[in-house]
Each structure stands twice: as structure tokens, then as C-alpha cells.
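Novice: Please see the structure below; I have some questions.
The values are calculated or read from the model by the stated rules, or taken from the named source; none is laboratory data. Predicted model only: the values in this text are computed from it and were never measured. Here the Cβ is made from the backbone with ideal geometry for all residues, glycine too, and neighbour counts use every protein chain on show. Quick note on the areas: whole protein, heavy atoms, side chains included, nothing else; ligands and nucleic acids left out. Shrake-Rupley method; radii C 1.70, N 1.55, O 1.52, S 1.80 Å.
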Amino acid sequence: MGCMAKTLANRKNTIKKTFLSEAYLPVVYEPNLSEVNNDDLISWFEKNQKEWRRDLETYGAILLRGFPLETANDFQTLLFATKEKLGEFYLGTSPRDQVVKHVFTASELPPHYPIMQHAEMSFLDNPPKLLFFFAETVSSFGGETPLTDLRQIYKELNPNIISKIKKFGIRYRRKYDGPSNTARFSMWKTKRWDEMFGTTDLIEVNKISKKNRFDLEWFGKDSLIINNHQSGFRNHLKTGVTAWHNHVQTFHVDSAVFEVWNIFKKQKTLRSLGVALLLTALTFIKKFSGSKNFDVHVTYGNGDEFTKNEIKEISDLFWKHMIANPWQKGDLLIIDNYSVSHGRLPFSGDRRILVSWSE
């Protein structure tokens, strides 16, 4: 999709601002001069903190496109210019590899594996404030990082679902294999608990869990169940605007089935059809085992199950508002994690998207 004709006026010469669609998500920063080097871009970010932060609060995401960013070190240097407190400890579910101190691969999940819309680590008391993605290598097909405005989801979702979450909150239940299982991920579990906590020291695991209000249940040789409770919504730290902020559309057993069929409708490939058919069959079988045996699960805070129709309604609303623009090599995407969700569409070919976040 081409850029809109409308261009935002800006007071500096380094960048111009445009949009990729009428959804105004994200706002795009491009070079305003024939030659802009990385030092110019870094200087602009350092000197115009109020401007780019205001854009981020307004639109929810900023895409830097057309600048000479090439490596993980280029990416990290720009991160330092934001003056954010960058994170190093990742308590999320997706397997990642560290590239440099504050930069990781976004996900090591297989190309066919869809990553549904989510606010990063929304199941924590203090999730990341900002996310940063950098397109080092772009896939030949698919692989977009779709965005959805979580403020809009909150506004439009069925008020009965909103009311019940307000009353009871959200309860999460996640199962993790331990170090004795050498597999890095399976269809249902994404990584082991020692990878998530970054240690096999049980004293340290308990310390981290207590800080994050995780209730731990050990079973088998070294497997772990983590239970915790969250509100389901969050008010933005600066604007105070309320947004949908949970992993219901990610962790519920029915969510993935709705997701893969929507992906098939979008991508129309034999692989996406095969994944949809296989996952539908496997999920149908898995549900006979009961929710206590699911590897990840989410309910209302009082233990009531989300109905299949509720999950479909949530999924449909996300897909209604989802924006999926192809990556270009060297793109850098900044996301306000309290306002906008992200995911990953299946892809073909080499793809390497790097990520960082601020605490």
C-alpha cells in the first residue's frame, strides 16, 4: 500500500512524516533530505524527545523507514538515543536468542507458526513500556508484524465481556517443561522454564516468581505450572487512556484455530490450509482432555471459562482492526506496548527481525 498524500508538518529538516493507510497506524518517519546518515537520525531523536514521544502516544507506533540502519549495533545505538531504560531479562513465552546486550531475535519459532496479537508480557505486573523491532533480513513472503490499536479494541468489544473482566480480571495458567526436556518448543509449549527464568537455580526462580506474583506448581521430574492473575485492562501511564491488555486472544485453546483460518483467508496458500486443518483437528482432540491439561490456558479471574463464541468475537475484532504492512530491510518499528499489540504472520524464506524493549 502506498503512502498517503497527507504529510505531517514537522519543524526539523531531518525527517518527514507520512502514513501507510487511513488507519494512521503507524506514523512513518522518512528522511526529509537526499542524504541523512545515522548520526543525523540519532541526533534528531536525542533533541526531539517530546515530539516523537507525543507521536507515539497519539498514534501508538512509529515506523522509521529509508534510513541507513543495517546491523544490530546500528539498532542498539539508536535505542540508546531514546534515553529509555532498556530491558535484558525476558519473562515472555517465545524462544529468543541474544544478539548484543539489549537486542534479541524476535522469535525462534518455526516460519509456519503464527504469533497472535498480544501486548508484550501483558500477564506481568510491569510489562515493557515500549517495544523496538528492526528488520535485518526480510522474508520473501509473509512475515509481517501486524499491529492492532488496543484502545479501539477496548472501545468496541462486547460490553458484557468488558464488564465481567472488570469484575473478575483474568487468570492465566501456563505449563513449562524443565531442563530434562531438551526440546526448545512444541506445538503447545513454546520454551522451557529454565530458558524463561534464565536459571536453573530454584531459589532464584522462586525469588523472580514472588516478585511477579506467580504461583508455582511443580510436577513430574522438573516440570512447572505457573498461575497468576491480572486485571485485563491497563490505563496508559501518560495519557490515562484505557486499553485491552491481556493474552486472552493468545492463550485460549480456541484462539489459534480462529487465527489460522483467518491467516488462510489472507495468505491463500496450501501450507496455511494444511496448518489450519491440522490445528483444527488437534485442538478438537485436545479439548477432550479438559482445560486442566492444557499447556496454556486463560479464564476469567473467578475461573469461569471464556466461551468459544466470546473468543471468536475477540478474534474477529482484532482482525477487523489489524494492520499488516510488509517489512522493508532496515525498517525500525517503535510500539507503545500499552496502546498497540503486535504479532507475526507465517512466512517463507529467510527472515530475521530483532527486538528490544524498555522497562
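Novice: Full-extension gain between Thr200 and Ile285, please, as 0.36 nm times their residue separation minus the C-alpha to C-alpha distance. Spell out each step's value before the answer.
Specialist: Numbers: separation 85, 0.36 × 85 = 30.60 nm, distance 3.34 nm.
Extra length available between Thr200 and Ile285 comes to 27.3 nm.
Novice: On a full-extension model of 0.36 nm per residue, what is the gain between Leu237 and Glu108, subtracting their alpha-carbon distance, rounded to one decimal in nm?
Specialist: Details: separation 129, 0.36 × 129 = 46.44 nm, distance 3.08 nm.
Difference between extended and current length: 43.4 nm.
Novice: Can I ask one more? So if we plug the beta-carbon distance of Phe141 and Asp97 into 1/(1 + (r/R0)^6) with R0 = 30 Å, what FRET efficiency do we get, rounded to 0.05? Mind dumping the intermediate values first?
Specialist: On the way: r = 23 Å, r/R0 = 0.77.
The calculated FRET efficiency here is 0.85.
Novice: To continue, here is another question. Contour minus end-to-end for Lys268 and Asn38, with contour as 0.36 nm per residue of separation and end-to-end as the Cα-Cα distance? Spell out each step's value before the answer.
Specialist: Working: separation 230, 0.36 × 230 = 82.80 nm, distance 3.89 nm.
Difference between extended and current length: 78.9 nm.
Novice: Ordering Asp295, Asp97 from largest to smallest accessible area (1.4 angstrom probe), what's the sequence? Each step should come with its number before you reach the end.
Specialist: Values: Asp295 20, Asp97 60 Å².
Ranking Asp295, Asp97 by accessible area, largest first, yields Asp97, Asp295.
Novice: Take Leu124 and Phe219, extend 7 Å from each Cα along the Cα→Cβ direction, and tell me the distance between the two endpoints in nm.
Specialist: Distance between the two pseudo-spin positions: 2.6 nm.
Novice: Sticking with this structure for a sec: May I ask for the distance between the Cα centers of the range 44-111 and the range 334-359, given as a whole number of Å?
Specialist: The distance from the Cα centre of the range 44-111 to that of the range 334-359 comes to 10 Å.
Novice: Quick one: 3J(HN,Hα) in Hz for the range 286-299, Karplus 6.51/-1.76/1.60 with θ = phi - 60°, rounded, Gly and Pro as x.
Specialist: Each residue's phi maps through the Karplus curve to give 4, 5, 5, 6, x, 5, 5, 9, 6, 6, 9, 7, 9, 9 Hz.
Novice: Carbon and sulfur: what percent of the chain's accessible surface (1.4 Å probe)?
Specialist: Working: 8380 of 16140 Å².
Ligands and nucleic acids excluded, carbon and sulfur give 52 percent.
Novice: How far is helix 49-59 tilted off the main Cα axis of the chain, in degrees rounded to 10, range 0 to 90?
Specialist: With both axes taken from Cα atoms, the answer is about 50 degrees.
Novice: Give me the lysines in straight-line cross-link reach of Lys286: C-alpha distance below 22 Å, same-chain residues under 8 apart excluded.
Specialist: Partners found: Lys175, Lys189, Lys191, Lys308, Lys312.
Novice: Cross-link partners among lysines for Lys16, C-alpha distance below 18 Å, same-chain residues fewer than 8 apart left out?
Specialist: Lys6, Lys47, Lys50
Novice: From the helices alone, meaning DSSP H stretches of at least four residues, give me the mean residue ellipticity at 222 nm for the chain, per-run term -39500 (n - 2.57), in deg cm²/dmol to the nearest 500.
Specialist: Values: 11 runs with 111 residues, N = 359.
Helices in the chain give a 222 nm mean residue ellipticity of -9000 deg cm²/dmol.
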